[in-house]
Amino acid sequence: MITIMITIVTMIMKSMNNYLKNLNKEIESAIVQEIKKQAEILKTPIISTEGINLLIQLIRIGNYGKVLEIGSAIGYSAIMMALNTRCRVTTIEKNEDSFNLAKQNIARANLAGRIDLILGDALEVEVKGLYDLIFIDAAKAQYLKFFDRYKNNLKSGGIIVCDNLLFHGMVGNQESVEQKRIKSLVKKIDDFNHALIDFVDFDTYIYEIGDGMSISIKK
Ligand SMILES: C[S@@+](CC[C@H](N)C(=O)[O-])C[C@H]1O[C@@H](n2cnc3c(N)ncnc32)[C@H](O)[C@@H]1O
């Protein structure tokens with residue numbers, strides 16, 4: 001049932017074009033608009049509108065109560081998930097400046113009671129408990145490590161969502177990438193994508209939504 005629903009939602013999201021972007025008007029609160037502006041000014045990458053809409057719909061379809069996010073940045077995606085669903089979010093950020101800004105933004109959105117913000121490296125902090133959905137949106141070169149570390153914090157039937165798997169179109173077009181450092185990162189993401197599809201404990205599809213998002217359902 002949930003697989004069919006996810007497929008329907010993602011098919012709808014994939015076909016989003018300018019017509020739908022205009023049609024699917026977002027009613028954003030003043031605080032959300034302000035956070036988006038902060039992200040623009042600080043050049044902090046945040047999830048695309050299509051991407052956050054997909055996450056919100058997944059949480060609603062699954063009626064998920066507990067979400068874990070790896071990579072809070074300034075709190076935009078955590079705030080959007082909490083504002084638009086009834087879930088509780090735990091989110092981890094290792095950069096102290098981003099953490100402090102996220103903390104302020106969460107307080108201003110009146111969500112301190114529903115979003116637990118953890119300062120630290122997600123590969124070092126200890127997170128206990130089981131989650132319905134885990135959203136991985138931190139250092140791209142370390143996705144395999146994040147996935148390995150947190151898959152045991154996912155309930156059976158729960159889902160892991162990863163963002164930026166196409167990395168601005170470069171992953172599907174590696175020969176055109178010239179810079180050595182970027183080439184190596186793109187190769188790492190490509191290796192992760194293949195590993196993700198091959199994990200036997202998960203059913204995974206990768207979609208052309210936002211910057212490339214995967215949905216992996218734990219068997
Ligand atoms: C793309 S941003 C997250 C955006 C956020 N999810 C949103 O859409 O609003 C990635 C964030 O992950 C953080 N990060 C990278 N590696 C991390 C790690 N190992 N542990 C915790 N945070 C990490 C970075 O500092 C950065 O703020």
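In table form, for the structure just shown:
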{"read-out": "Listed residues Thr49, Phe147, Val186: farthest to the positive end of the dipole of the chain (Cβ charges)", "value": "Thr49"}
{"read-out": "Pair Asp148, Asn24: separation of 7 Å Cα→Cβ label points (nm)", "value": "3.5 nm"}
{"read-out": "With at most 16 neighbouring Cβ atoms within 10 Å, loop GluC sites (Glu not before Pro) (DSSP) excluded, longest segment of the chain", "value": "29-123"}
{"read-out": "In the stretch 83-168, trypsin sites (Lys or Arg not before Pro) in a DSSP loop with at most 15 other beta-carbon atoms within 10 Å", "value": "Arg86, Lys128"}
{"read-out": "Of all DSSP beta bridges in the chain, antiparallel share, percent nearest 5", "value": "35 percent"}
{"read-out": "Lysines with Cα under 19 Å of Lys188, excluding same-chain neighbours fewer than 8 positions away", "value": "Lys140, Lys145, Lys180"}
{"read-out": "Debye intensity ratio I(q)/I(0), log10, the chain, q values 0.17 Å⁻¹ (C-alpha model)", "value": "-1.33"}
{"read-out": "Residues listed by number, the stretch 77-95, amide nitrogen under 16 Å from Asn63 label point at 7 Å toward C-beta", "value": "85-88"}
{"read-out": "Average Cα contact separation per residue, the stretch 2-218, under 8 Å, 6 or more apart, as relative contact order %", "value": "18 percent"}
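No value in this document is a laboratory result; all are computed from the given coordinates. As the structure is a computational prediction, the values presented were derived from the model and not from experiment. Quick reminder, even Gly has a Cβ in these numbers, built from the backbone with ideal geometry, and neighbours come from all protein chains shown.
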